[in-house]
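Data block below; observations after.
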Amino acid sequence: MTFKTGAKAAVVLLVVFSISCGEETPPRDYNRALLEADTLVMEAPGVADESLERIIQAIPSPIEMSALLLSADAEYSETVLNQTSNYDAYTTSHKQALNLGVFGADLGYLNLYKKTGTSLEYLKTIKQLSEDLKVGQFFDFDHLKELSGSEDNVDSLLTISTRNFSQMNRHLREEKRGKISVLIVTGTFIEGLHMACQTVKSKPIDRVKERIGEQQYSVEALLAILKVYEKDARIAELIAAFEGLKESMTEVKIEIIRKEPVMEEIDGILTLVDQDESVVTIPNETLRKIISATEAIRNKIIS
Amino acid sequence: MNFCKPKILPVVFFLFIGTTAFGQCNDQLIDTALTKIESFTYLKDFKVRLKKAKKNSPQAARYTVILSKDTKYRFTTTNAKEYPGELIWTLYDSNGVVMSNFVASKSKAYSVVDMTCKKSGRYYLTYSFLGGASGCGVGLLSFRNKTKTIDELIDY
């Protein structure tokens with residue numbers, strides 16, 4: 001009797017399986033439906049838990065900013081970094097998370113500028129902070145330390161450390177510790193912007209100025225994820241500060257010039273040159289305000 | 001009894017395969033994906049796992065990315081072999097579709113696509129599996145300066 005029941009269940013499972021494996025032509029309006037589904041994301045900042053991942057993914061990695069500084073011949077400056085000696089002041093998970101992000105951005109900058117000796121010190125502080133936050137398992141410090149020993153390993157070092165941060169953030173969100181993840185991302189972002197701001201203060205490089213103005217997109221995304229936790233008084237303070245930063249960016253003008261893209265296949269790789277161009281205009285007074293607002297947020301975070 | 005035996009075995013077999021496949025759909029897929037970025041520098045990964053799409057209800061994973069001008073981006077896709085789906089993506093901006101890795105005229109999904117970006121801003125990336133199949137895959141976003149790799153920048 002039991003066996004027969006089992007057999008019936010097996011037949012049902014087989015039927016279900018064969019149905020699920022059957023070819024099904026996608027609806028004619030499949031792409032249209034995808035596009036419509038996507039417009040929901042365009043309006044994103046309503047933000048439920050599941051949207052957090054998507055919006056966090058939107059925030060650019062500080063490595064892009066550091067790479068821009070390097071390519072624009074901006075000189076290395078140790079003064080733009082947070083000091084590892086500040087570690088002892090970070091006794092709450094709020095501060096630890098923010099500064100884990102800050103030091104993460106600093107580590108990328110140091111690696112890109114081949115300051116591998118100093119980067120070891122930062123790696124050690126990142127290790128301490130990540131252990132304080134109980135996410136130390138995502139960093140293979142011995143391996144990272146070994147890679148730091150040679151200037152030839154910078155690319156691997158960047159990939160591994162960026163990926164470790166990404167894994168750690170994903171884990172935090174899966175473990176319902178999204179607030180910590182959001183704070184890490186906030187710290188990372190502000191440190192990248194701070195580096196760019198300090199660079200243009202000493203050397204007004206147009207490409208870097210433009211990039212600073214373009215950060216209005218990231219500030220909007222950051223505000224959206226911070227607002228998920230606005231009931232936390234310390235995060236409410238951060239939101240107010242970032243609203244100020246957003247306000248300082250209102251005079252930044254971004255003009256889009258539309259042109260037809262050029263697409264071709266080169267050695268089996270599909271290659272697109274998107275001919276649309278953005279032109280950023282950022283008045284000096286606006287730049288000054290952005291720098292000032294960034295310094296205020298960053299100083300509060302690292303103090 | 002005779003009727004039942006041959007029916008049970010395939011079910012057990014498929015259940016077993018399903019469990020094995022699940023094990024493959026993990027971070028190791030990102031390791032494989034990383035081999036495709038070559039001289040580009042890793043930025044983000046998007047792990048995508050979707051059920052088979054139902055009629056008029058496409059399964060898709062959607063992300064927002066902010067791309068910067070004067071940067072060359074590489075989008076790669078890697079599929080878990082144990083699943084039937086082939087990962088495809090479409091990049092949109094506020095004006096509509098910018099590009100896709102699936103070229104309909106060739107019926108081909110490219111696993112490596114390079115894009116030279118001249119317009120900074122918000123873009124929307126939608127991942128799905130070709131034909132609405134179920135699948136597991138990883139989309140990877142990497143970058144380099146428009147003219148130089150990170151290694152070249154460092155040595156410059």
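The values are calculated or read from the model by the stated rules, or taken from the named source; none is laboratory data. Bear in mind that the values here come from a model prediction, so they are computed numbers and not experimental data. Virtual Cβ from ideal backbone geometry, glycine too; neighbours counted across all protein chains shown. In case anyone asks, the SASA skips ligands and DNA or RNA and just uses the protein heavy atoms, side chains included. Shrake-Rupley method; radii C 1.70, N 1.55, O 1.52, S 1.80 Å.
Candidates B:N95, B:N79, B:N56: the one that is within 17 Å of B:K118 (Cβ to Cβ) and open to solvent by 20 Å² or more (accessible area, probe 1.4 Å) is B:N95.
Filter the range A:66-93 for residues that are touching a residue at least 12 places away in the same chain (Cβ under 8 Å), part of a helix (DSSP H, G or I), of a type outside the set (S, T, Y) and open to solvent by 20 Å² or more (accessible area, probe 1.4 Å) and give the result. Answer for the range A:66-93, where residues must be touching a residue at least 12 places away in the same chain (Cβ under 8 Å), part of a helix (DSSP H, G or I), of a type outside the set (S, T, Y) and open to solvent by 20 Å² or more (accessible area, probe 1.4 Å): A:L70, A:E78, A:N86, A:A89. Between A:V200, A:V154, the distinction of being more than 15 Å from the chain's Cα centre (by Cα) and at pLDDT below 95 belongs to A:V154 only. Scanning the range B:117-139 for residues that are within 19 Å of A:I55 (Cβ to Cβ), open to solvent by less than 20 Å² (accessible area, probe 1.4 Å) and in a strand (DSSP E or B) yields a total of 7. Condition first: assigned to a strand (DSSP E or B) and under 23 Å from A:L69 (Cβ atoms). Can you find one or more residues in the range B:89-105 that meet it? For the range B:89-105, residues assigned to a strand (DSSP E or B) and under 23 Å from A:L69 (Cβ atoms): absent.
Does A:G117 count as open to solvent by 40 Å² or more (accessible area, probe 1.4 Å), in a helix (DSSP H, G or I), modelled with pLDDT under 95 and of a type in the set (G, A, S)? In short, yes.
Quick grid of which residues meet (1) at the interface with chain A (Cβ under 9 Å from one of its Cβ atoms); (2) more than 12 Å from the chain's Cα centre (by Cα):
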{"site": "B:S57", "(1), (2)": "yes, yes"}
{"site": "B:D70", "(1), (2)": "yes, yes"}
{"site": "B:Y83", "(1), (2)": "no, yes"}
{"site": "B:I88", "(1), (2)": "no, no"}
{"site": "B:C117", "(1), (2)": "yes, yes"}
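Among the numbered conditions (1) more than 14 Å from every other protein chain (Cβ to nearest Cβ); (2) β-branched (V, I, T); (3) surrounded by 14 or more Cβ atoms within 10 Å (Cβ to Cβ), the only one that A:T250 does not meet is (3).
Of the residues making up the range B:15-53, just one is among the small types (G, A, S), crowded, with 18+ Cβ neighbours inside 10 Å and at pLDDT below 90, namely B:A53. Counting only residues that are in a helix (DSSP H, G or I), within 13 Å of chain B (Cβ to nearest Cβ) and in contact (Cβ under 8 Å) with a residue 24 or more places away in the chain, which one in the range A:194-210 is surrounded by the most Cβ atoms within 10 Å (Cβ to Cβ)? Residue satisfying both the conditions and the ranking: A:A196. Taken over the range B:104-122, the criterion of being farther than 17 Å from A:E260 by Cα and of a type outside the set (D, E, K, R) is satisfied by B:A104, B:S105, B:S107, B:A109, B:Y110, B:S111, B:V112, B:V113, B:G121.
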